[in-house]
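Q: Once you've had a glance at the structure underneath, I'll fire off some questions.
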Protein chains: 2
Amino acid sequence: MGVKSGEGEEPGRRVGATLRRATLREVAAEVGVSVATVSNAYNRPDQLSEELRERIFKTAGRLGYAGPDPLGRSLRRRRAGAVGILYSDRLSYAFTDPAAVMFLQGVSLAAEEAGLGMLLLPGGPAEGREAAAVSEAVVDGFITYCIDHGDPLVGSLVGRGLPVVFVDNPPEPGGAPTVGVDDRGGARAAAEHLLNLGHRRLGVVSFELGAGPVGGLIGEERLRRATHANTLARLAGYREQVEAAGVPWSAVPVFECRENTPEWGRRAAEELLRLRPRPSAVLALSDQLAFGVYEAAREAGLSVPEDLSVVGYDDVPEAARTSPPLTTVGQPHTEKGLLAGRMLVARLEGREARTTERHKTFRTRLVVRSSTAPAPEGS
Amino acid sequence: MGVKSGEGEEPGRRVGATLRRATLREVAAEVGVSVATVSNAYNRPDQLSEELRERIFKTAGRLGYAGPDPLGRSLRRRRAGAVGILYSDRLSYAFTDPAAVMFLQGVSLAAEEAGLGMLLLPGGPAEGREAAAVSEAVVDGFITYCIDHGDPLVGSLVGRGLPVVFVDNPPEPGGAPTVGVDDRGGARAAAEHLLNLGHRRLGVVSFELGAGPVGGLIGEERLRRATHANTLARLAGYREQVEAAGVPWSAVPVFECRENTPEWGRRAAEELLRLRPRPSAVLALSDQLAFGVYEAAREAGLSVPEDLSVVGYDDVPEAARTSPPLTTVGQPHTEKGLLAGRMLVARLEGREARTTERHKTFRTRLVVRSSTAPAPEGS
DNA sequence: CTGAAAGCGCTTACAG
DNA sequence: CTGAAAGCGCTTACAG
């Protein structure tokens with residue numbers, strides 16, 4: 001573009017920059033043309049002579065004007081040029097979860113295709129603040145990730161009247177487009193794999209189940225009050241398969257972690273491995289947690305998979321590189337983000353439904369590596 | 001908040017939502033008050049009677065009005081409520097680099113503190129498009145990450161006249177605040193460690209050096225035309241230390257990778273390990289690349305560290321968990337992001353310089369784990 | 001090829 | 001406690 005933005009090439013510039021950005025109006029006045037013409041110089045080069053356009057850019061450069069202010073333009077054009085991303089938890093947690101990061105990467109692919117920015121909203125349980133963020137976000141639409149059923153944010157979101165795509169076990173409010181995964185089926189496959197290997201003493205390392213005091217082995221009542229959709233689906237899948245094998249669900253200890261980190265996985269496994277009889281296999285709701293289970297096993301002098309089988313969930317890249325390589329449930333994180341992004345872009349560009357389905361549930365698949373083995377004798 | 005946003009509680013709402021969002025003006029007309037009063041109902045509850053406020057919210061709910069439009073508000077208030085993040089490369093690449101992700105996490109911490117959103121700009125070499133993204137971003141300021149010296153984007157950025165914080169080997173344009181790391185010192189420490197262990201046949205696995213045809217073993221000329229600041233600093237550190245040990249730099253093969261992924265690290269190492277005499281140690285510019293070197297070594301039947309020592313860079317979490325645990329150069333990724341975010345917020349809130357220094361260079365530190373060992377006999 | 005006018009949706013002194 | 005007026009910075013038909 002011919003937009004001048006060099007530094008200090010004109011003596012007058014520094015002053016202008018120090019004070020306040022020049023405006024379209026000021027440039028117009030200085031050149032002696034109307035604001036429409038200056039606007040055209042930037043937006044419709046064919047609407048004015050090359051010579052005048054050059055003169056306008058020169059004056060703009062001198063005044064420290066670097067082109068139309070995005071805010072004014074956005075208001076007038078009624079488009080913000082960005083998609084808002086709403087995460088279930090504090091935004092900073094999203095970056096510690098490799099699965100969430102891969103999802104965001106997928107969205108970024110779609111955003112790049114469409115030339116849109118991604119606005120990550122400060123989320124989390126900061127009471128009211130996230131609602132403010134939602135109602136103040138300058139975006140053209142939203143993508144939500146792992147939002148709970150009944151989360152009050154959904155109300156604020158829908159209230160904005162902007163297109164929304166809900167990702168991962170979504171509440172499907174008013175028929176909005178959704179992208180999800182067969183979480184329950186994935187969990188079932190994980191449990192089935194262990195049961196087929198002869199394991200009967202299982203332990204589960206779970207995410208947070210919902211609001212309230214968290215952490216530690218949990219009972220029926222807490223399980224019943226769970227609200228986190230992903231967690232619920234996976235636990236339901238484990239349970240279904242376990243019971244189908246004739247093992248009572250109440251015999252399976254479930255440890256609830258406060259955060260999805262290896263550190264919490266380690267704590268959980270430490271506790272599970274202290275139980276007698278000791279579990280011969282652990283189902284972790286994520287690979288991050290499973291990595292922590294590895295640590296705890298090592299510290300307890302148990303080897304994986306000979307003494308303890310471990311199954312993760314997510315199939316993040318590290319799962320293939322860790323030692324031993326982790327058996328886990330794979331799901332297409334990046335594709336989820338990409339599809340959600342494209343669905344949103346399609347709606348923004350007014351070509352809906354035709355090119356994209358409105359609801360998509362991706363399949364999960366069990367990836368068997370080396371962290372699982374037949375149950376030890378007599379277990 | 002008292003903002004109504006439920007779905008379909010009033011028969012009239014659906015119609016309004018289907019057509020177009022109601023505006024402040026329409027609500028005011030419907031209630032029979034001025035727009036100022038409706039605005040006050042949302043922004044200054046003390047400026048009107050509770051009873052009138054309730055009536056306004058009720059009518060707003062009926063019309064499908066969910067509160068003031070962020071764009072109008074932002075224009076009027078002259079603040080966007082978001083910080084823009086500009087990455088050196090395509091935005092989607094940022095999510096594949098654990099170091100970049102940790103950096104983003106740090107920024108998100110600062111953004112959350114301040115109640116700001118993070119706008120990730122579509123970047124990369126899409127010719128002109130990124131400049132458009134910069135000049136159209138609705139933000140209050142920018143943070144750049146790993147931008148090259150002389151990148152034309154810097155011009156567009158500075159032209160916006162908004163506060164900017166430059167992170168990682170920044171071009172320091174016009175005394176703007178910077179956050180960096182002693183990359184050169186870190187690289188020196190890595191090389192020194194290997195040299196102290198007796199290694200004399202080293203190989204380097206490098207990032208891309210700049211624009212142009214990329215990939216493969218490279219010569220002096222390409223090294224000279226390098227523009228990527230991080231890469232340059234690290235290579236300079238290696239070189240310095242190598243030459244200090246009396247080894248000519250020209251004797252150290254450097255492989256340039258197109259992407260910062262284990263896959264490219266593997267390719268690089270495959271080639272390096274084919275050289276005769278074979279390197280006894282590899283310096284990788286990132287842990288991601290080092291993980292790929294592990295793979296190549298394994299495939300070549302070499303064990304780390306007995307046959308091949310490997311040093312990474314970044315100390316991402318996986319480095320401690322991988323097998324063998326990776327010797328690497330640690331740097332405070334999250335802290336860099338957090339500090340940069342806070343520096344920017346400080347400027348936005350008009351309290352500069354007092355609370356924060358304007359330039360910060362974090363120290364790196366060598367983390368010695370188990371991927372390095374004394375050079376094999378006779379090498 | 002250029003300009004006058006309307007308006008995107010809102011907030012903020014200020015006056016009453 | 002409420003309202004009239006100005007204006008944030010811009011773009012877009014439309015008329016000339």
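Q: When Cβ neighbours within 10 Å are restricted to other protein chains, what is their mean count per residue of peptide A:318-327?
A: Mean inter-chain Cβ contacts per residue within 10 Å come to 3.
Q: How tilted is helix A:333-348 with respect to the longest principal axis of chain A? Cα atoms for both, answer in degrees (0 to 90, nearest 10).
A: Rounded to the nearest ten degrees, it is 40.
Q: Report in % the part of the accessible area of the protein assembly as shown that belongs to carbon and sulfur, leaving out ligands and nucleic acids; probe 1.4 Å.
A: The value for the protein assembly as shown is 48 percent carbon and sulfur by accessible area.
Q: Compute the label-point distances linking A:Leu217 to its equivalents in the other copies; points lie 7 Å from Cα along Cα→Cβ; give nm, one decimal, shortest first.
A: Relative to the other copies, A:Leu217 has label-point distances of 6.0 nm.
Q: I've got another one for you. Only Cα pairs within less than 10 Å get springs; with that Gaussian network setup on chain B, which residue of B:Glu335, B:Glu50, B:Glu271 has the largest fluctuation?
A: Residue with maximal mean-square fluctuation among B:Glu335, B:Glu50, B:Glu271: B:Glu50.
Q: Hey, what did chain B get for relative contact order, percent, Cα under 8 Å, at least 6 apart?
A: 17 percent
Q: Between copies, how close do the A:Leu275 label points come, placed 7 Å along Cα→Cβ, listed in nm from shortest?
A: Counterpart label points of A:Leu275 in the remaining copies fall at 5.4 nm.
Q: Expected output is a single nm value to one decimal: the length gained when fully extending between A:Ser250 and A:Leu275, i.e. 0.36 nm times separation in residues minus the C-alpha distance. What is it?
A: 7.6 nm
Q: Over the whole of B:97-110, what's the average partner chain Cβ count within 10 Å per residue? Rounded to a whole number, please.
A: For this peptide, the per-residue mean of nearby foreign Cβ atoms is 4.
Q: Rounded, prolate or oblate, given the Cα gyration tensor of the protein assembly as shown, with a/c below 1.5 counting as rounded?
A: Oblate is the answer for the protein assembly as shown, as a/c is 1.5 or above yet b/c matches or exceeds a/b.
Q: Sorted from shortest, what are the nm distances separating the label point of A:Arg201 from equivalent points in the other copies, each placed 7 Å from Cα along Cα to C-beta?
A: So the label point of A:Arg201 gives 5.2 nm to the other copies.
Q: In addition: Rounded, prolate or oblate, given the Cα gyration tensor of the range A:183-331, with a/c below 1.5 counting as rounded? Could the numbers behind the result be given before it?
A: Working: a/c = 1.25, a/b = 1.18, b/c = 1.06.
Note, shape of the range A:183-331 comes out rounded.
Q: For the range A:183-269, run through the GluC sites (Glu not before Pro) and keep only the ones in DSSP coil with at most 15 other Cβ atoms within 10 Å of their Cβ.
A: On the way: sites: A:Glu192, A:Glu208, A:Glu220, A:Glu221, A:Glu240, A:Glu243, A:Glu256, A:Glu259, A:Glu263; in loops: A:Glu208, A:Glu259.
Answer in residue order: no site qualifies.
Q: Could you tally the net charge around A:Ala244, taking each other residue with its Cβ under 12 Å from the Cβ of A:Ala244, Lys/Arg +1 and Asp/Glu -1? Mind showing how you got there, number by number?
A: Values: positive: A:Arg188, A:Arg239; negative: A:Glu192, A:Glu240, A:Glu243.
Summing Lys and Arg as +1 and Asp and Glu as -1 gives -1.
Q: Sticking with this one: By its C-alpha gyration tensor, with a ≥ b ≥ c as the square roots of the eigenvalues, how is chain A shaped: rounded for a/c under 1.5, else prolate for a/b larger than b/c, else oblate?
A: prolate
Q: If you don't mind, another one. To the nearest 100 Å², how much accessible surface do chains B and A hide from each other in total, with a 1.4 Å probe?
A: The contact between A and B buries close to 4600 Å².
Q: Under a 10 Å cutoff between Cα atoms, tell me which one of B:Gly72, B:Gly216, B:Gly265 has the largest fluctuation in the Gaussian network model of chain B.
A: B:Gly72
Q: Which of the trypsin sites (Lys or Arg not before Pro) found in the range A:253-333 are loop residues per DSSP with 15 or fewer other Cβ atoms within 10 Å of their Cβ?
A: Numbers: sites: A:Arg258, A:Arg266, A:Arg267, A:Arg274, A:Arg298, A:Arg321; in loops: A:Arg258.
Sparse-neighbourhood loop trypsin sites (Lys or Arg not before Pro): A:Arg258.
Q: Please give the per residue accessible area of the range B:298-379, computed with a probe of 1.4 Å over protein heavy atoms only, in Å².
A: Values: 4020 Å² over 82 residues.
On a per-residue basis, the range B:298-379 sits at 49 Å².
Q: Which chain A residue puts its Cβ closest to the axis that rotates A onto B, and at what distance in whole Å?
A: Nearest to the symmetry axis by Cβ: A:Ser323, 2.
Q: Working from Cα positions, state the angle (0 to 90°, nearest 10) between the long axis of helix A:50-63 and the longest principal axis of chain A.
A: Roughly 70 degrees between the two axes.
Q: What residue among A:Tyr87, A:Tyr145, A:Tyr65 shows peak mean-square fluctuation when chain A is described by a Gaussian network model with Cα springs under 10 Å?
A: Of A:Tyr87, A:Tyr145, A:Tyr65, the most mobile in the Gaussian network model is A:Tyr65.
Q: Tell me the per residue accessible area of the range A:143-227 using a 1.4 Å probe; a whole number in Å² is fine.
A: 37 Å²
Q: Under the 0.36 nm per residue contour assumption, what length would be gained going from the current alpha-carbon distance of B:Leu52 and B:Arg365 to full extension?
A: Details: separation 313, 0.36 × 313 = 112.68 nm, distance 6.25 nm.
Working it through step by step, the gained length comes to 106.4 nm.
Q: Given R₀ = 22 Å, what would the calculated FRET efficiency be for B:Arg258 paired with B:Arg298, taking r from the Cβ atoms and rounding to 0.05?
A: 0.45
Q: Moving on to the next point. Distance from the Cα centre of the range A:150-221 to that of the range B:78-112, in angstrom?
A: Taking the Cα centre of each part, the range A:150-221 and the range B:78-112 sit 27 Å apart.
Q: To the nearest 500 deg cm²/dmol, what mean residue ellipticity at 222 nm is calculated for chain A from DSSP H runs of n ≥ 4 alone, each contributing -39,500 (n - 2.57), summed and divided by the residues?
A: Helix-only estimate at 222 nm: -13000 deg cm²/dmol.
The values are calculated or read from the model by the stated rules, or taken from the named source; none is laboratory data. Note that the structure is a prediction, hence the values are computed from the model and not measured. Because the Cβ atoms are built from the backbone with ideal geometry, glycine has one as well, and the counts that use them run over all protein chains shown. Ligands, DNA and RNA are excluded from the accessible area calculation, which covers all protein heavy atoms including side chains. Shrake-Rupley method; radii C 1.70, N 1.55, O 1.52, S 1.80 Å.
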